[in-house]
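Q: Mind looking over this structure? Questions follow.
Every number here is computed from the coordinates shown, using simple stated rules; none is lab data. Nothing here was measured: the structure is a model prediction, and the numbers come from that model. Positions of Cβ are backbone-derived with ideal geometry, glycine not excepted, and every protein chain shown enters the neighbour counts.
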Amino acid sequence: MPQVVPELHAPSRWTAIDLLSDLHLQAGLPRTTAAWAQHLTSSPAQALILLGDVFEVWIGDDAAEPGSFEARCEAILREAARSKTLYFMAGNRDFLVGPDFLARCGVQALADPTVLVAFGQRWLLSHGDALCLDDTDYQAFRRQVRDPAWQQAFLAQPLAQRRELAARMRAASEARKREQGVEGYGDLDTQAVLTWLATANSPVLIHGHTHRPADHALPQGAQRHVLSDWDFDTPGPVTRGEVIRLSTEGLRRVPASPPEGS
């Protein structure tokens with residue numbers, strides 16, 4: 001974590017800000033994608049902050065070819081950016097989202113972590129994966145793929161080759177998920193969270209990544225709020241998807257609506 005944490009100061013005219021993460025959008029999740037697009041345009045918030053893993057995988061900005069799923073997502077974001085201010089923070093699945101794509105969408109990049117200064121409060125925002133210190137295998141992988149030399153070498157490969165490699169990585173991740181479940185993944189390290197909060201001079205951390213939506217009271221009066229993942233496609237009576245909405249009234253959880261026509 002940097003010694004000086006970047007800050008995002010909300011304009012006084014904003015009355016609400018929505019935070020969401022872990023949609024894991026892909027072509028095979030049409031209802032989840034539709035619910036996301038619907039929320040981007042219908043939310044009463046003036047700003048929406050995407051805290052990572054918006055996409056299940058991102059292999060480079062050039063993947064948004066005409067007719068592709070990535071190009072459709074680009075169009076959705078560009079349309080939403082006409083009426084709202086949008087921010088994107090990279091997650092462990094979409095860390096290769098680059099400035100070209102964001103510029104085409106009209107979306108602003110956020111560093112991980114960033115302090116959001118809004119409504120008389122300092123809210124520390126992160127995707128959360130950097131604080132899962134018990135997951136040593138993942139932390140080693142994270143260091144590898146966040147290295148600029150690794151990213152440059154990966155993006156230099158032909159698009160088809162990158163798609164193939166990404167598919168293998170996704171298959172390995174899904175196999176691990178089936179074997180271990182959500183509980184098999186490490187949770188955030190409490191001491192590391194407190195250190196981050198102290199450095200950022202913030203009493204509250206908001207993050208995603210763990211797929212364990214909850215509100216945690218921490219030592220020293222600090223708080224940790226975990227965002228929900230989204231899933232409107234898995235058959236069954238239970239769907240998932242909510243945002244954390246910040247306003248002058250504080251923090252509250254707001255369920256995302258199923259896509260229209262469902």
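Q: Let's test the formula: R0 of 35 Å, r as the Cβ-Cβ distance of L133 and E260. What FRET efficiency results, to the nearest 0.05?
A: Approximately 0.25, to the nearest 0.05.
Q: Another question, then. Report the one residue of V5, A171, L25 whose Cα lies farthest in the direction of the positive end of the charge dipole of the chain (charges on C-beta: Lys and Arg +1, Asp and Glu -1; origin at the Cα centre).
A: Going by the Cα projections, it comes out as V5.
Q: If you don't mind, another one. Could you tell me how far the Cα centroid of segment 1-64 sits from the Cα centroid of segment 160-235, in Å?
A: Between the Cα centre of segment 160-235 and that of segment 1-64, the gap is 15 Å.
Q: When the chain is modelled as a GNM with alpha-carbon springs shorter than 10 Å, which of A172, A81, A16 fluctuates the most?
A: Comparing A172, A81, A16 in the GNM, the peak value goes to A172.
Q: Taking the Cβ of I49 as the centre, find all other residues whose Cβ is under 12 Å away and add up their charges (Lys, Arg: +1; Asp, Glu: -1).
A: 0
Q: Can you give the calculated 222 nm mean residue ellipticity of the chain, where each DSSP H run of n ≥ 4 adds -39,500 (n - 2.57) and the sum is split over every residue, rounded to the nearest 500 deg cm²/dmol?
A: -10000 deg cm²/dmol
Q: Label segment 1-44 by shape, choosing from rounded, prolate and oblate, from the square roots a ≥ b ≥ c of the eigenvalues of the Cα gyration tensor; if a/c is under 1.5 it is rounded, and otherwise prolate applies when a/b is larger than b/c, oblate when it is not.
A: Oblate, because a/c is 1.5 or more while a/b does not exceed b/c.
Q: Run the numbers for D62 and A167: contour at 0.36 nm per residue of separation, minus the present Cα-Cα distance, in nm.
A: Length gained, D62 through A167: 36.1 nm.
Q: Provide the net charge surrounding W58, with neighbours chosen by a C-beta distance below 13 Å and charges set as Lys +1, Arg +1, Asp -1, Glu -1.
A: So the surrounding residues net to -4.
Q: Compute the FRET efficiency between T248 and R142 as 1/(1 + (r/R0)^6), taking r as their Cβ-Cβ distance and R0 = 51 Å, and round to the nearest 0.05.
A: 0.90
Q: Top mean-square fluctuation among H216, H24, H207, Gaussian network model of the chain, C-alpha springs under 10 Å?
A: H216
Q: Something else now. So how much slack lies between W150 and A103, counting 0.36 nm per residue of separation and subtracting their Cα-Cα distance, in nm?
A: In short, 14.6 nm is gained.
Q: Relative contact order (percent) for segment 7-255, with alpha-carbon contacts under 8 angstrom and 6 or more residues of separation?
A: Answer for segment 7-255 is 23 percent.
Q: Using a ≥ b ≥ c from the Cα gyration tensor of the chain (square roots of the eigenvalues), is it rounded, prolate or oblate, where a/c under 1.5 gives rounded and otherwise the larger of a/b and b/c decides, a/b for prolate?
A: rounded
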